[in-house]
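In what follows, a single structure is set out as structure tokens and then discussed.
The values are calculated or read from the model by the stated rules, or taken from the named source; none is laboratory data. For clarity, every value in this text was computed on a predicted model and none was experimentally measured. So basically every Cβ, Gly included, is an ideal-geometry build from the backbone, and we count neighbours across all protein chains shown.
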Amino acid sequence: MRPPRPTNTLIQLAEESPFVNDTIAFNRLADHLRDLGEPTRYQGRALRTRGLCHDGDSPSTVAISRIQGGVGVFCHKCQGNADFLAAIGWTEADLFDEPLPERQRDRPADDMWIPCKERGHKRVAQYLYRGENGAVVHGVTRCDHKCFAQWRPEPTAKSGRRWSLNDQQGNRLVRVVPYRLPEILKAKTNDRVVWICEGEKDAHALVDHGLVATCNAGGAGKWTAEHAQFLEGMDVTIVADRDEPGRRHAEHVVETLIGLARSIYVVQAKAGKDAADHFAAGYKDHQFHQVGAPVPYPGDPEAQ
């Protein structure tokens, strides 16, 4: 059944919006996406980009349209704009050419706030960790100085989040899940290889090249057996960062997967430190340098 048509004029389907000249807000949003490194393209009357709000891979999931007095945004998967705006650090108020009166903004108190903001840092990316059904379990926010802050959804908070995954006694309040878990489960159904890297940026670099990728929140040394359990029976390739913490991290990931994964390979970037550097240098996924095969695939020569 077709979802109900949105009623807010700012989230009308872009292809159904009236064509007007470029607006201030439209240009501001297009520039902001370019600053974030997000690819955009024109399709029909709309500017298209991927669904950052749900780590979407399709480059045309989100439609951005010029409308009178502002810009319209609509994510076809989320059937709205709220999650996409949160992922890029915007609110409804930013969609208008002219600033709204403060009473109309309804801006959450910490919409753009991050723990390091008082040091002049700005939020540049947000990564959502989802459960099996796609619901957000927790999130990771990155600033322009490579600070990472984790948060959990909190409906009672005005901003909808709390900047901690633990209670005051240090007890964890949310589940441990690998990044892009729904995509991992789909890959298991389709018998595809899952690539494990050290961070979300590298995971997106792998995904952008057609691969299924995951990582853990918090970087090197934070992978656990709880993450590994979702990869039971799967073929796994680990991309080890080219430094000592990266080597130790890869070794630990291997330890958690021995006896669990069907096959395990460890590779490194052919150029640079990590997967993002590897692709930025122009190399393909089959050109990673293999450094280990602790559990080779049964049909490979190493297994004979």
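Overview of results
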read-out	value
The stretch 141-165, subset hydroxyl-bearing (S, T, Y) and modelled with pLDDT of 70 or more, residue farthest from T91 (Cα to Cα)	S164
Hits in the stretch 255-287 - residues which are β-branched (V, I, T) and surrounded by fewer than 17 Cβ atoms within 10 Å (Cβ to Cβ)	I258
Answer from A280, A276 - the residue that is under 22 Å from the mean Cα position of the chain (by Cα), aliphatic (A, V, I, L, M) and within 30 Å of V174 (Cα to Cα)	A276
First in the stretch 204-233 and on the phi > 0 side of the Ramachandran plot, second anywhere and among the charged types (D, E, K, R), Cβ under 9 Å, 6 or more apart	G210/D57; G210/D285; G219/E198; G221/R248; G233/K188; G233/R262
Residue in the stretch 182-204 that is among the polar types (S, T, N, Q) and assigned to a loop (DSSP other than H, G, I, E, B) present	yes
Some residue of the stretch 43-53 being under 22 Å from A125 (Cα atoms), at pLDDT 80 or above, assigned to a loop (DSSP other than H, G, I, E, B) and polar (S, T, N, Q)	no
Of all residues making up the stretch 270-299, the number that are aliphatic (A, V, I, L, M) and closer than 15 Å to L211 by Cα	2
Scan of the stretch 232-280 for residues that are in a loop (DSSP other than H, G, I, E, B) and of a type in the set (A, V, I, L, M, F, W, C), ordered by number	M234, A240, I258, L260, A261, A269, A271
Boolean, Q290 is loosely packed, with under 13 Cβ neighbours inside 10 Å, free of Cβ contacts under 8 Å to residues at least 60 places away in the same chain and not small (G, A, S)	yes
Filter result (more than 19 Å from Q126 (Cα to Cα) and part of a strand (DSSP E or B)) within the stretch 54-82	A63, I64, S65, R66, I67, G70, V71, G72
Qualifying positions in the stretch 261-304 - of a type in the set (F, W, Y) and either outside the structural domain of R248 (by TED's automatic domain parsing) or over 11 Å from I238 (Cβ atoms) (or both)	F279, Y283, Y297
